[in-house]
């Protein structure tokens, strides 16, 4: 149930808005015996896309960071390129893991001057501010087709981009901004890409080569692309010229699976080394031998029901009372306990509950204007003029309160979750039919508003919880057509008002309005082989992966799959 904004808001920030996106390993691991063997630079690690997201596995279909539209693609792309800013679980910049070394802010929060450390491409050329400028120029050329278009104000808020030297550049904005917002959501998008290698391509050519391994020869990240078998797997090897933390494994393979059950089977058969623990297979996972379980911080985002305001067959979504009634009808606490084993918390708005860094004080205390209350839900529908029909489904002017929800297939837990929502909504007189499609079909249909009424998605917010990309009238991910003048004004204040007061006001209004039906993230539990370490650093807090921190502690330092084979 996941749609993540294309890349990690650190190295892929805000799209991936930004692409859901996402977690920091934090809490518990099962007790392990002492292991004498020291980490060695050898071995293979095999994982499915989506590890750390808690979502059903899927395929990687694009490697171009400017064109990707899912977190799965972003995970693969981010291995090859080094981000300008690395953001930790506390949503602070970690300078040692960032290309930038400092940011100077001047002229009433309108000028941001960035200094970079010396770095180089794999062909020996230096990474310079010209490569950052290339990124900026390409975003402008792509316009709204760029997945993170105008998130963090990029590029429309920018008045000028000035190169001050090979390792220093400045960005001047059209008006003062909230510095924290712009750093975490705007500047973090300025990942350098090789201007000398990519600058010769037109956008159409880049589109045609987005899954062509030869296009990605020049890199500056920890891994190089070794092999890509469409629909099967991607193999990465260490980038020998990488100047950061050296990889402790010889190969990193993303193998494409299409069901949660395949993840458990892979760990059992030895063809996987790390996977999500599908909540529907909790008991089966507990019987796996030589596998440890780690509970992770939930994705910094939320799940939601996307409502189609453009489709004339479901105009009742425009009615605030109908939306509030839907939110009040769904028992999130039951779902969190029964399906997610209390690995997460209920959510009713666009600011995640865990960690509570940006959460308003009242919500930290658990006080929301929306929550599970079927009686209130029925009252709201009565007030809106929807009366129960003979079959219990509400009607108004001869029309039933019914719609069809499209949801991605392949995940047993997400299917059960959707069915529980269906029952909860029916209990108050709303008929929600369910239609399952593949994740890629869901993504394609989302851009064709006439073909759907509602969709089940997940969203990753990157490093700052302002969701203008989805809730703003002109947001780059606003395929549903939601438009509200007050919401636009509040979102604008979030970007221009220092501190958190404007963010709190936006959150309060979004919770009341329910422009999408906000729901808790699934939470994440990861399974890993006992001899494999570095999981906490592998899964980054705000999106993307860092497999260079993985290492084997088994005596032979090898994956269960032979190093000379591929999936």
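The values are calculated or read from the model by the stated rules, or taken from the named source; none is laboratory data. On a predicted model such as this, the values are computed, not experimentally measured, just so you know. Note that each Cβ is placed from the backbone with ideal geometry, even for glycine, and that neighbours are counted across all protein chains shown.
Against the condition assigned to a helix (DSSP H, G or I), at pLDDT below 95 and surrounded by 14 or more Cβ atoms within 10 Å (Cβ to Cβ), how does residue 148 come out, does it pass? Step through it out loud before you land on a result.
On the way: assigned to a helix (DSSP H, G or I): no; at pLDDT below 95: yes; surrounded by 14 or more Cβ atoms within 10 Å (Cβ to Cβ): yes.
Answer is no for this residue.
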- Message: I need a count of the residues in the range 458-477 that are part of a strand (DSSP E or B) and out of contact with any helix residue (DSSP H, G or I) (no Cβ under 8 Å at 6 or more places or on another chain).
- Response: 1
- Query: Hey, among the residues in the range 84-95 that are modelled with pLDDT under 95 and not in a strand (DSSP E or B), which one's surrounded by the most Cβ atoms within 10 Å (Cβ to Cβ)?
  - Reply: 86
- Item | Any hit, the range 121-143, residues being out of contact with any helix residue (DSSP H, G or I) (no Cβ under 9 Å at 6 or more places or on another chain) and at pLDDT below 95 | yes
- For the range 552-567, the count of residues that are modelled with pLDDT of 75 or more and either touching a helix residue (DSSP H, G or I) at 6+ places or on another chain (Cβ under 9 Å) or buried (at least 23 other Cβ atoms within 10 Å of the Cβ) (or both) equals 1
- Task: Go through the range 484-521 and give me each residue that's on the phi < 0 side of the Ramachandran plot, out of contact with any strand residue (DSSP E or B) (no Cβ under 7 Å at 6 or more places or on another chain) and assigned to a loop (DSSP other than H, G, I, E, B).
- Result: 484, 497, 498, 500, 515
- If we keep only residues of the range 388-421 that are in contact with a strand residue (DSSP E or B) (Cβ under 6 Å, 6 or more places away or on another chain) and outside any strand (DSSP E or B), then the residue nearest to residue 331 (Cα to Cα) is 418
- Go through the range 466-478 and give me each residue that's modelled with pLDDT of 90 or more and surrounded by fewer than 24 Cβ atoms within 10 Å (Cβ to Cβ). 472, 473, 478
- Query: For residue 281, are the conditions met, namely being crowded, with 16+ Cβ neighbours inside 10 Å and part of a strand (DSSP E or B)?
  - Reply: no
- Would you confirm whether any residue within the range 100-116 is buried (at least 17 other Cβ atoms within 10 Å of the Cβ), modelled with pLDDT of 95 or more and under 25 Å from the mean Cα position of the chain (by Cα)? yes
- Task: Return the residue satisfying two criteria in turn: it lies in the range 447-456 and is outside any helix (DSSP H, G or I) and in contact with a helix residue (DSSP H, G or I) (Cβ under 8 Å, 6 or more places away or on another chain), and of such residues it is nearest to residue 53 (Cα to Cα).
- Result: 456
